[in-house]
Amino acid sequence: MRIFDPHVHMSSRTTDDYEAMYAAGVRALVEPAFWLGQPRTSPASFLDYFDALLGWEPYRAAQYGIAHHCALALNPKEANDPRCLPVLDVLPRYLAKDSVVAVGEIGYDSMTPAEDTAFAAQLQMAADHGLPALVHTPHRDKLAGLRRTIDVVRESALAPDRVLLDHLNETTVGEAKESGCWLGFSVYPDTKMDEDRMVAVLRAHGPEKVLVNSAADWGRSDPLKTRRVADAMLASGFGEDDVDLVLWRNPVAFYGAGGRLALDAPPAHGTHEGNSVLRGGE
């Protein structure tokens, strides 16, 4: 079984997670830029973070045979902090980097005017750079947030089939599907979706244009949730081709639209900026 996790925050995970993910079948992933967990106080902290997603994390992932890609953006939560907004001025030069396969996470957290402005500006950046966009739908007032998100996408220069609407659930999947966008579902231990609910959604709406992710981060989460969904699909009667479509071919198709996706992990040797996770030998 081959798995592509289309949304996982590996900078907050350990090398043990990489090892377990590889054993479970994960061979590729996308790590989108997200909130640190506490306020960033200047754009410089974003740039160091972006550099890590472009260099250090791909190096760590390669030690375990996993191809690491990233999506970069000013995330919705921090779009409300004036100290962070100047990162929008330097973001375009980062979006030109080869391993950036999308603009993201963008979208809404609290649906403020500041989030409106940052969302629209970054959809335009995605169009300008020929990249798809990973969109965070809000965890509160989900249906209202989805509708507002779809309105902004329709007003943008980015076609709906270049947009992934993430963190969907049973209340939002129908209208998200009607929008023509790709459908993303985050599967968590306690919140968001779980394996059984995900299988029910797939039965009701089909596997086409559906991406399942672990969205694992520094909170209670599980980077093996993609494999658990795959196993639940098989146990419920879905075929291996359906599993491969949802867990591999769909994310490859979506992120491959920008022409930068490389599915083979680079050779795992040497050091990165003088550091090596090999610790004493290859």
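The values are calculated or read from the model by the stated rules, or taken from the named source; none is laboratory data. The structure presented is a predicted model; accordingly, all values stated were derived computationally and were not measured. Heads up, the Cβs are rebuilt from the backbone with ideal geometry, glycines too, and the neighbour counts pull from every protein chain shown.
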(request) Tally the residues that are in contact (Cβ under 8 Å) with a residue 40 or more places away in the chain and in contact with a His (Cβ under 6 Å, 6 or more places away or on another chain), restricting the search to region 69-104. (result) 3
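Right, Glu105: in a helix (DSSP H, G or I) and surrounded by 20 or more Cβ atoms within 10 Å (Cβ to Cβ) or not? Lay out the reasoning, then the answer.
Details: in a helix (DSSP H, G or I): no; surrounded by 20 or more Cβ atoms within 10 Å (Cβ to Cβ): yes.
When the stated conditions are applied, Glu105 does not pass them.
For Arg154, indicate whether it is surrounded by fewer than 19 Cβ atoms within 10 Å (Cβ to Cβ) and either closer than 18 Å to His9 by Cβ or out of contact with any Pro (no Cβ under 7 Å at 6 or more places or on another chain) (or both).
Yes: the conditions hold for Arg154.
Consider Gly184 carefully, then state whether it is crowded, with 23+ Cβ neighbours inside 10 Å and either under 18 Å from the mean Cα position of the chain (by Cα) or within 16 Å of Gly145 (Cα to Cα) (or both). Before the answer, list the steps.
Working: crowded, with 23+ Cβ neighbours inside 10 Å: yes; either under 18 Å from the mean Cα position of the chain (by Cα) or within 16 Å of Gly145 (Cα to Cα) (or both): yes.
Considered against the rule, which asks whether it is crowded, with 23+ Cβ neighbours inside 10 Å and either under 18 Å from the mean Cα position of the chain (by Cα) or within 16 Å of Gly145 (Cα to Cα) (or both), Gly184 comes out as yes.
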(request) May I ask you to say which residue of Asp264, Asp222 is of a type in the set (Asp, Glu) and surrounded by 15 or more Cβ atoms within 10 Å (Cβ to Cβ)? (result) Asp222
(message) So for region 145-163 (the condition being at pLDDT below 95 and of a type outside the set (Val, Ile, Thr)), does at least one residue qualify?
(response) yes
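Quick check: anything in region 195-215 among the basic types (Lys, Arg) and part of a loop (DSSP other than H, G, I, E, B)?
From region 195-215, those among the basic types (Lys, Arg) are 197, 203, 209; that's our starting set.
Those left that are additionally part of a loop (DSSP other than H, G, I, E, B): 209.
Taking every residue of region 195-215 in turn, at least one turns out to be among the basic types (Lys, Arg) and part of a loop (DSSP other than H, G, I, E, B).
Filter region 138-175 down to residues that are assigned to a loop (DSSP other than H, G, I, E, B) and closer than 22 Å to Gly256 by Cα, then give me how many there are. Quick ask: steps written out before the conclusion?
Here is the first cut: in region 138-175, the residues assigned to a loop (DSSP other than H, G, I, E, B) are 138-141, 156-159, 167-172.
Now narrow it down to the ones that are closer than 22 Å to Gly256 by Cα: 156-159, 167-168.
Count: 6.
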(request) Restricting attention to strands (runs of 3 or more DSSP E) lying wholly within region 1-92, give those where 1 or more residues are charged (D, E, K, R) and buried (at least 22 other Cβ atoms within 10 Å of the Cβ). (result) 3-5, 26-32
(message) Return the residues of region 216-235 that are over 12 Å from Val246 (Cα atoms), in contact (Cβ under 8 Å) with a residue 40 or more places away in the chain and in a helix (DSSP H, G or I); say none if nothing qualifies.
(response) Arg228
